[in-house]
Amino acid sequence: MTDRCNFRCGYCMPADSFEESHFLPHAEILSFEEIVRLARVFTADLGVAKLRLTGGEPLLRRELSKLVAWLAELPGASDLALTTNGFLLAEQARALREAGLRRITVSLDSLDPFEFARMSGGDETSVPPRGRAQTRLARVLEGIDAAVAAGFAQLKVNCVVVAGQNEGAVLALAERFRGTPHIVRFIEYMDVGTQNHWRSSEVISAAEIVRRISAHWPLEPVDANHRGEVARRFRYRDGRGEIGVISSVSQPFCGDCQRARLSSDGRLVTCLFAQSGFDLKHPLRSGATDAELRGQIESVWEARSDRYSELRAAPPARSRRRLEMYQVGG
Ligand code: SAM
């Protein structure tokens, strides 16, 4: 939706590396009409059924619910999801639901207000547009409550675990969401992009996360919902819900990846760790027909050979230029 974000998480868009000039000028970003046109090609002709809106922070796009309503009308789009940091969710949850959004994932890296502020690169207190001062964390938690009240009965909650920074969040989040319908997914800190100065020593493996939770509340593995599911599922043996772990560093799953990503400036990206993408905006803006767009997408998809996560340790893979997470959406 956009490469801009209102947070500055150190693992994605660290505050000291970003200034206004890093971001795309408005004219480079696909309009809602252009997004719908491409989404129609993907869903009508190419078998895509699930659309996810992400960013950057998607809720920064003005009138996002208008786009959601248009996408919800596409006959082939059986699932419409959003990934957000939750900061603007309280104000928008109802409109998004009414427009036809089906599912929401909220990123939440800590339940401690100070740690949360540190992780997301901001002050711990903020003043929402029409309200009292509250912590950043409180705003996100209010966003979660508002989403549930708006009818999103089961949320996913994403937590990136960074060694020495928010490890306490593993048990705190597991405890908070145990016994609710919501599913916390713990994500291994990934070496996406080049700005986060990633070091392998900062990764807490999915196996270690499962071990730590299991020591308190025993877990057992559950079968995937479908082939290509990104998170590995575990349920509490006492029946109080489930968690997921995303192990793209310790156990890469390139072979099952089915995701096509469309950057906010209209590039088709076939891997989270890609160096660049295939430009669809120029053909789109210079009069390509749907059949021509479909042909271009098909040829990129059929030729894809990305498996960065599996090659991670190889020197050529490590040294190359890469797209940033906020450009490809996570
Ligand atoms: N702004 C939205 C949000 O915060 O959810 C959507 C975009 S964000 C890039 C999507 C997801 O990517 C978030 O859950 C975020 O935590 C995750 N993410 C970003 N950088 C990451 C990294 N280096 N390793 C693992 N996950 C990362």
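Here are a few things to note about the model shown:
- Straight-distance crosslink candidates among aspartates and glutamates, where the alpha carbon sits under 17 Å from residue 156 and sequence neighbours closer than 8 are dropped: 57, 79, 109, 142, 145, 175, 188, 229, 242
- Computed from backbone phi with θ = phi - 60° and the Karplus coefficients 6.51, -1.76 and 1.60, the 3J(HN,Hα) list for the stretch 280-285 is 9, 5, 5, x, 4, 7 Hz; x is used for glycine and proline.
- Cα-derived Rg to Rh of the stretch 11-72, Kirkwood definition: 1.04
- Our coupling estimate for the stretch 246-253, obtained by passing each phi through the Karplus curve with A = 6.51, B = -1.76, C = 1.60 and θ = phi - 60°, is 10, 10, 6, 8, 7, 9, x, 10 Hz, Gly and Pro reported as x.
- Dipole magnitude of the chain, debye to nearest 20 (Cβ charges: Lys/Arg +1, Asp/Glu -1, about Cα centre): 400
- In this structure the amide hydrogen of residue 222, modeled in the peptide plane, comes within under 5 Å of the amide hydrogens of 233, 234, 235, none closer than 5 places in sequence on its chain.
- Secondary structure note: in the stretch 37-169, about 15% of the DSSP beta bridges are antiparallel.
- Kirkwood's formula applied to the C-alpha pairs of the chain gives a hydrodynamic radius of 20.6 angstrom.
- ³J(HN,Hα), Karplus 6.51/-1.76/1.60, whole Hz, each residue of the stretch 14-28, x for Gly, Pro: x, 4, 6, 9, 10, 9, 3, 5, 6, 8, 5, x, 3, 5, 7
- Close amide H pairs (under 5 Å, H built 1.01 Å from N) link residue 104 with 82, 156, residues at least 5 positions away or on another chain.
- The chain: antiparallel DSSP beta bridges as a percent of all, rounded to 5: 40
- Shown here are the Rg and Dmax of the Cα trace of the stretch 1-136, at 16.2, 49 Å.
- log₁₀ of I(q)/I(0) at q = 0.10, 0.25 Å⁻¹ - the stretch 155-253, Debye sum with one point per alpha carbon: -0.25, -1.44
- Pairwise label distance in nanometres, residue 238 with residue 95, each label 7 Å out on the Cα-Cβ vector: 4.2
- 23 Å Cα-Cα reach of residue 281 towards lysines, excluding residues that sit fewer than 8 places from it in its own chain: 50, 66
- D_trans [Stokes-Einstein, Kirkwood Rh over alpha-carbon pairs] for the stretch 242-330, 4 °C, 1.567 mPa s, µm² s⁻¹: 89
Computed from the coordinates by the stated procedures, all read-outs in this text should not be read as laboratory data. Just so you know, these numbers come straight off a predicted model, no measurement behind them. Please note: Cβ atoms are built from the backbone with ideal geometry, for glycine as well, and neighbour counts cover all protein chains shown.
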